[in-house]
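Notes to accompany the following structure.
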Amino acid sequence: MIQTKRQLLWQTSQTNGKLRLNYVCVFYNKECDEMIQCIPTPKHIDGMQVKPTKCIFKPIVCCRENVFIEATTVFVGYAEKLFGLKFEYDEGGLFEICRKTDLKNGQYIIQSEKNSVSVHAGDLSGLHNAFSVILQIAEQADNMFVLPEVTITDQSDCVYRGMMVDLARCWHPFQYLLQYVDMCYFYRVNILHLHFTDSQSYTLPSDCFPKLSTKEQHYTKDEIKKLNEYACARGVMIVPEIDVPGHCEPFQQSYPELFGTSGIICQHNDSIRAMQDLFSELCQMFPNSEYIHIGGDEAEIKKWAECTACRKYGKSLGINPDKMETHLFAERMYANFVQKMADVVFENGKTPIAWEGFSKEVNEYVSKDILLMSWENYYQTTPELLKAGFRIVNCSWNPLYVVTSLVCWEPKNIYDWSIYKWQPVHGGSPYLHTGLEIDPDSDVCGGQLLAWGDQISSHYIENVEQGVIDERNLLLERLPFLAENTWNIRKQRPFEEVKVSYDILCQKLRKLIE
């Protein structure tokens with residue numbers, strides 16, 4: 001754990017069989033006697049002690065790597081807005097951007113000494129991470145760029161560090177989507193999951209099924225294109241979600257003859273083909289997204305057993321409702337739907353994500369290459385999913401859900417959480433009162449903060465956008481602690497120190513997005 005200035009902690013590490021001592025990353029400024037603030041906390045300052053001196057240089061950037069130019073331009077744009085400086089580009093600049101191919105994915109090194117700074121990364125994700133740190137720890141004085149004189153080497157522990165926003169239950173003006181990207185960039189959160197569809201609206205454009213798009217509450221093709229470009233330039237991956245087979249009112253209101261009218265997508269050859277066309281369109285709409293979310297939660301699957309067309313379709317697949325219990329028939333049909341949607345995502349060269357939603361009885365019928373979000377340990381427990389071979393993202397309701405203005409947990413609760421802990425709130429979970437903590441060697445890819453818009457429209461009747469602003473503020477307060485715990489699986493410093501960093505950094509971030 002990172003300690004205060006007067007209680008520095010040495011760590012041992014082993015390289016080529018030799019032990020060495022490293023200072024854990026403790027930053028402070030001698031003049032003001034304060035720690036230098038950074039979230040997530042970098043893990044190491046390698047090979048040197050913390051130096052209380054400052055590195056002061058003109059804002060002149062040298063970037064000779066073509067692949068890094070766009071990312072550097074993005075950083076300069078943020079830095080100019082934040083510090084009021086005008087950056088220049090010159091090969092003789094003392095702010096040097098370097099490519100170091102032996103660094104791992106997302107890893108970076110920042111070396112600031114005397115009157116120069118060099119940033120080393122092996123790929124774009126590492127460079128974005130480094131730039132995020134510099135924005136957080138930098139200052140300006142007399143038209144000069146100021147950094148602490150340090151060397152930082154760092155890399156995230158989790159490949160999935162996410163924030164989700166529900167855009168379907170409450171309309172969010174487009175500029176908020178760009179602000180969410182900025183928030184992710186600033187705290188090195190690499191995933192922005194956007195819940196585009198639900199019972200209330202369908203907020204995506206569609207050429208396949210144009211009547212799906214909710215009038216005056218859907219994003220245009222140009223806006224989606226701008227979102228893709230904006231996020232990609234900042235190293236933030238958009239994960240778009242169409243949540244089916246439940247939550248499907250827009251489908252059934254617009255195309256009842258195809259998708260049915262019973263509150264769940266009717267399964268037959270034509271509807272399955274239509275849904276696959278829609279997911280193929282979604283894959284093409286988000287070309288930079290490695291993940292596509294296919295939904296898969298809270299569906300009234302027993303209705304399939306009551307539908308003649310669904311029963312006939314099931315029989316054609318060898319899922320005979322006359323020869324099995326209704327529950328098992330419904331679960332088998334559920335697994336079929338999830339797998340059919342996943343197939344088209346795989347065919348488009350991407351990885352599908354689904355919610356924890358099917359039972360362990362049908363695990364063998366669902367591809368283990370689907371990434372699953374375990375949120376409540378209700379439909380199936382996390383240990384069962386892991387035993388079956390699935391990879392998991394921790395989306396525990398408590399403390400990661402934000403339902404403005406009804407439900408949210410305090411930042412301290414998120415700090416105390418880890419990607420290996422769940423605290424269910426639904427009565428059907430076996431861990432309702434005890435909570436669940438699993439082996440840290442389990443296949444958990446990371447965690448995600450989730451904002452749901454269920455209550456905004458009803459609680460902010462006269463000013464819905466104020467509800468969206470309040471939701472964003474709740475995320476601003478909580479995202480840093482999600483970022484801290486998904487970047488560093490082991491706590492690097494106590495909550496009180498992270499909270500001090502948040503209080504300072506949030507002012508910087510607000511200056512960037514407001």
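The values are calculated or read from the model by the stated rules, or taken from the named source; none is laboratory data. Just so it is clear, the structure is predicted and the values come from calculations on it, not from any experiment. All Cβ positions, even for glycine, are placed from backbone atoms using ideal geometry, and neighbour counts span all protein chains on display. Each accessible area value is taken on the protein alone, full model and side chains, heavy atoms only, with ligands, DNA and RNA left out. Shrake-Rupley method; radii C 1.70, N 1.55, O 1.52, S 1.80 Å.
The table below lists the values:
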| quantity | calculated |
| --- | --- |
| Asp443 under 22 Å from Thr381 (Cα atoms) and under 21 Å from the mean Cα position of the chain (by Cα) | yes |
| Among residues of region 350-369, those that are without any contact (Cβ under 8 Å) to a residue 60 or more places away in the chain and assigned to a loop (DSSP other than H, G, I, E, B), counted | 6 |
| Test: residue in region 439-452 that is crowded, with 17+ Cβ neighbours inside 10 Å and either in a helix (DSSP H, G or I) or on the phi > 0 side of the Ramachandran plot (or both) | yes |
| Number of positions in region 103-119 that are of a type in the set (S, T, N, Q) and farther than 15 Å from Pro42 by Cβ | 4 |
| Within region 302-348, tally of residues that are open to solvent by less than 20 Å² (accessible area, probe 1.4 Å), among the hydrophobic types (A, V, I, L, M, F, W, C) and touching a residue at least 40 places away in the same chain (Cβ under 8 Å) | 9 |
| Residue satisfying all of: in region 297-317; under 14 Å from Asn269 (Cα atoms) and small (Gly, Ala, Ser); nearest to the chain's Cα centre (by Cα) among these | Gly314 |
| Members of region 376-387 found to be open to solvent by less than 10 Å² (accessible area, probe 1.4 Å) and not β-branched (Val, Ile, Thr), listed by number | Glu376, Asn377, Gln380, Leu385 |
| Close pairs from region 416-439: first among the polar types (S, T, N, Q), partner open to solvent by 50 Å² or more (accessible area, probe 1.4 Å), Cβ under 6 Å, at least 6 apart | Ser429/Tyr378 |
| Members of region 388-408 found to be assigned to a loop (DSSP other than H, G, I, E, B) and surrounded by fewer than 19 Cβ atoms within 10 Å (Cβ to Cβ), listed by number | Gly389, Ser405, Leu406 |
| Subset of region 413-457 [farther than 27 Å from Glu471 by Cα and among the aromatic types (Phe, Trp, Tyr)] | Tyr431 |
| Residue list for region 122-138, filter: without any contact (Cβ under 8 Å) to a residue 40 or more places away in the chain and not in a helix (DSSP H, G or I) | Gly122, Asp123 |
| Qualifying position, being among the hydrophobic types (A, V, I, L, M, F, W, C), over 30 Å from Ser125 (Cβ atoms) and free of Cβ contacts under 8 Å to residues at least 24 places away in the same chain, among Phe259, Phe209, Phe251 | Phe259 |
| Hits in region 45-63 - residues which are surrounded by fewer than 20 Cβ atoms within 10 Å (Cβ to Cβ), at pLDDT below 90 and closer than 23 Å to Leu127 by Cβ | Asp46, Gly47, Met48 |
| Residue selected from region 467-514 under the condition over 29 Å from Trp171 (Cα atoms) and among the basic types (Lys, Arg), by the criterion most open to solvent (accessible area, probe 1.4 Å) | Arg490 |
| Ser429 more than 22 Å from the chain's Cα centre (by Cα) and not aromatic (Phe, Trp, Tyr) | yes |
| Val117, sole failed condition from (1) open to solvent by 20 Å² or more (accessible area, probe 1.4 Å); (2) farther than 21 Å from Ala233 by Cβ; (3) in a strand (DSSP E or B) | (1) |
| Cβ pairs under 6 Å, 6+ apart, first in region 393-414 and within 22 Å of Tyr460 (Cα to Cα) and among the β-branched types (Val, Ile, Thr), second open to solvent by 40 Å² or more (accessible area, probe 1.4 Å) and at pLDDT 95 or above | Val402/Cys408; Val403/Gln455; Thr404/Asp470 |
| Looking only at region 144-177, and only at residues there that are assigned to a loop (DSSP other than H, G, I, E, B) and either among the β-branched types (Val, Ile, Thr) or without any contact (Cβ under 8 Å) to a residue 60 or more places away in the chain (or both), the one that is farthest from Leu482 (Cα to Cα) | Val150 |
| Helices (runs of 4 or more DSSP H) enclosed by region 183-266 - at least 2 residues per element that are modelled with pLDDT under 95 and either open to solvent by 10 Å² or more (accessible area, probe 1.4 Å) or closer than 27 Å to Val403 by Cβ (or both) | none |
| Residues of region 70-102 that turn out to be under 23 Å from the mean Cα position of the chain (by Cα) and of a type outside the set (Gly, Ala, Ser), as a count | 5 |
| Among residues of region 282-301, those that are in a helix (DSSP H, G or I) and free of Cβ contacts under 8 Å to residues at least 60 places away in the same chain, counted | 1 |
| Hits in region 349-360 (condition: among the charged types (D, E, K, R) and either touching a His at 6+ places or on another chain (Cβ under 8 Å) or open to solvent by less than 10 Å² (accessible area, probe 1.4 Å) (or both)) | Glu356 |
